[in-house]
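Before anything else, here's the structure in question.
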Amino acid sequence: MNDPYVTSITQLKRIATILKLPPEVVERLSVHDKFLEVHFPVTMDNGTVRMFLGYRAQHSNARGPYKGGIRFSPFVNPSEIRALSMWMTWKCSIADIPFGGGKGGVVVDTKQCSSWELERISRAYIRAIHTIVGPDKDVPAPDMYTTPEMMGWMADEYAKIVGKYTPAMITAKPIEKGGIEGRTEATGLGGFYVLQNLAERERLDPKQTTIAVQGIGNVGYYVARYAREAGYRVVAIADSKHVIKNDQGIDIDAAIEFKKVHGSLEGMPGAAIISNEELFTLPVDILVPAATENVITSENAERIKAKYVLEMANGPTTDEADAILEKKGITVIPDVLANSGGVTVSYFEWYQNMHDEHWTKEKTFSELKKKIDTAFDAAYLYKKNNSVSFRMAAYAVGVSKVVKAMG
Ligand code: GLU
């Protein structure tokens, strides 16, 4: 069974052993400060009223307000939201931004909803959780299947409730509603900066380095695009329906354009269709899961041939698979470091809103690079000096700061 919450607790226990944390600290960090379950009615386009189920988990605010995305998916469940919220606590600490960990979600299939319905669901959800969010309480953001537009609706709804537009209560808003330039690229770009650090430390020559990317949504797309621009060869990409492979390298923009015109990646010139199973076992240098949880499992981990796994999704590797990869000598650059670019730029947005500033994209990207370089170095050095996995090294850096902040 691959229960994300169980995985998050197992990881916590493992780092607790390494850091020799007292049992009462582990007990405190194993639970969430708050877990809110809400049910709210929404009028659908056909006039019927449907009840929706949503959650907001607040894991720890020891280092600052809770921070984390809101996910809209039919698979949203308490275990997932709890795990994701705990991972946000570590992620914010590793990225060295003054936030704790939170996460929210609504059980809904966005593909079955009109834009009007999504607007009403977004507004109703924020109404349902508004008492526990706010610029210095809990600052949501997008996650899977939520968008800047939805963040804008939520900010607007919150303004109606509190009687004042409060942009810092949510991040990744549209620019005209107080959003930051470059937030769209941020998670993928942050992953690319991590890749550059890795390449430098491990002496990888981009031209000789091949990459396979699972998931070409916002995150996977930008990692693939920046990597290709830097000379890496992206030999395979996958959306939720097809995997395409071309040993000469895939132009991600051409693939996206092809998909737009033909409705699918199938038939892309020069590229062969392979199975999802093959994607994970390709003899590439770097495998990039950039979609969802639990895709690298005990079922396929043994057959993975990549030398590195760059986790751009949250929780893509199960705990059992993690152990298998470690035994095989495959280095996993963990989600809490690899995809921290998104929340880091969310912090910059929050900071701008709090100080009424407006940064250029160049400034945002160069500040992001500084944060990623520092976080990577800290984890890389810990790993080298303590002979632990990259995940445990990143956790050691992140968890110890949270523990110190708990006092
Ligand atoms: N949902 C993203 C994550 O998992 C971003 C969170 C944020 O920007 O607050 O890191």
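The values are calculated or read from the model by the stated rules, or taken from the named source; none is laboratory data. Everything quoted here is computed from the prediction, not taken from an experiment. FYI the Cβ positions are ideal-geometry reconstructions off the backbone, even for glycines, and counts take in every protein chain you see. In case anyone asks, the SASA skips ligands and DNA or RNA and just uses the protein heavy atoms, side chains included. Shrake-Rupley method; radii C 1.70, N 1.55, O 1.52, S 1.80 Å.
Inspect all residues belonging to the stretch 188-207 and state whether any of them is within 12 Å of the ligand (Cβ to nearest atom) and not in a helix (DSSP H, G or I).
no
Hey, another quick one. Inside the stretch 267-295, can you point out the residues that are open to solvent by 70 Å² or more (accessible area, probe 1.4 Å), modelled with pLDDT under 95 and either in a loop (DSSP other than H, G, I, E, B) or closer than 23 Å to Val194 by Cβ (or both)?
Pro269 - this is the single residue of the stretch 267-295 that is open to solvent by 70 Å² or more (accessible area, probe 1.4 Å), modelled with pLDDT under 95 and either in a loop (DSSP other than H, G, I, E, B) or closer than 23 Å to Val194 by Cβ (or both).
Within the stretch 19-53, which residues are within 25 Å of the chain's Cα centre (by Cα) and open to solvent by 50 Å² or more (accessible area, probe 1.4 Å)? Explain how you work it out, then say what you get.
Going through the stretch 19-53, the residues within 25 Å of the chain's Cα centre (by Cα) turn out to be 26, 28-38, 52-53.
Across the stretch 19-53, the qualifying residues are Arg28, Val31, Asp33, Lys34, Phe35, Glu37.
Related question: Out of the residues in the stretch 134-150 that are aliphatic (A, V, I, L, M) and in contact with a strand residue (DSSP E or B) (Cβ under 6 Å, 6 or more places away or on another chain), state the one that is nearest to the ligand (Cβ to nearest atom). Steps first, please.
Within the stretch 134-150, the subset aliphatic (A, V, I, L, M) is 139, 141, 144, 150.
This time we only want the ones that are in contact with a strand residue (DSSP E or B) (Cβ under 6 Å, 6 or more places away or on another chain), so: 139, 141, 144.
Numbers: Val139: 7, Ala141: 3, Met144: 8 Å.
Among them, the one singled out is Ala141.
Quick test of your reading of the structure: Asp247 fulfils all but one of (1) part of a strand (DSSP E or B); (2) farther than 29 Å from Phe75 by Cβ. Name the failing condition by number.
(1)
Now, a different point. Specify which of the listed residues (Ser240, Ser298) is more than 22 Å from Ala394 (Cβ to Cβ), under 21 Å from the mean Cα position of the chain (by Cα) and open to solvent by 50 Å² or more (accessible area, probe 1.4 Å). Walk me through how you get there before you give the answer.
On the way: Ser298 fails: under 21 Å from the mean Cα position of the chain (by Cα).
Every option except Ser240 fails the conditions.
Could you say which residue among Arg56, Arg82, Arg63 is assigned to a loop (DSSP other than H, G, I, E, B) and surrounded by 18 or more Cβ atoms within 10 Å (Cβ to Cβ)? Outline the logic, then answer.
Numbers: Arg56 fails: assigned to a loop (DSSP other than H, G, I, E, B); Arg82 fails: assigned to a loop (DSSP other than H, G, I, E, B).
Going through Arg56, Arg82, Arg63 in turn, just one is assigned to a loop (DSSP other than H, G, I, E, B) and surrounded by 18 or more Cβ atoms within 10 Å (Cβ to Cβ): Arg63.
Okay, moving on. May I ask you to verify whether Tyr226 is closer than 30 Å to Tyr165 by Cβ, assigned to a helix (DSSP H, G or I), modelled with pLDDT of 95 or more and open to solvent by 20 Å² or more (accessible area, probe 1.4 Å)?
Details: closer than 30 Å to Tyr165 by Cβ: no; assigned to a helix (DSSP H, G or I): yes; modelled with pLDDT of 95 or more: yes; open to solvent by 20 Å² or more (accessible area, probe 1.4 Å): yes.
Criteria not met by Tyr226.
If you don't mind, there's one more thing I want to ask. Just need a number here: residues in the stretch 105-124 that are farther than 12 Å from Phe72 by Cα and not in a helix (DSSP H, G or I).
Residues meeting the conditions: 1.
So, one more: Would you confirm whether or not the stretch 153-166 contains a residue that is open to solvent by less than 20 Å² (accessible area, probe 1.4 Å), more than 14 Å from the ligand (Cβ to nearest atom), of a type in the set (D, E, K, R) and not in a strand (DSSP E or B)?
For the stretch 153-166, residues open to solvent by less than 20 Å² (accessible area, probe 1.4 Å), more than 14 Å from the ligand (Cβ to nearest atom), of a type in the set (D, E, K, R) and not in a strand (DSSP E or B): present.
Could you please find all residues in the stretch 1-55 being in contact (Cβ under 8 Å) with a residue 12 or more places away in the chain and of a type in the set (Asp, Glu)?
Asp3, Asp33, Glu37, Asp45 - these are the residues of the stretch 1-55 that are in contact (Cβ under 8 Å) with a residue 12 or more places away in the chain and of a type in the set (Asp, Glu).
May I ask you to verify whether Ala141 is buried (at least 23 other Cβ atoms within 10 Å of the Cβ), in a helix (DSSP H, G or I), touching a Gly at 6+ places or on another chain (Cβ under 6 Å) and touching a residue at least 24 places away in the same chain (Cβ under 8 Å)? Spell out the reasoning first.
Values: buried (at least 23 other Cβ atoms within 10 Å of the Cβ): yes; in a helix (DSSP H, G or I): no; touching a Gly at 6+ places or on another chain (Cβ under 6 Å): yes; touching a residue at least 24 places away in the same chain (Cβ under 8 Å): yes.
No, not satisfied.
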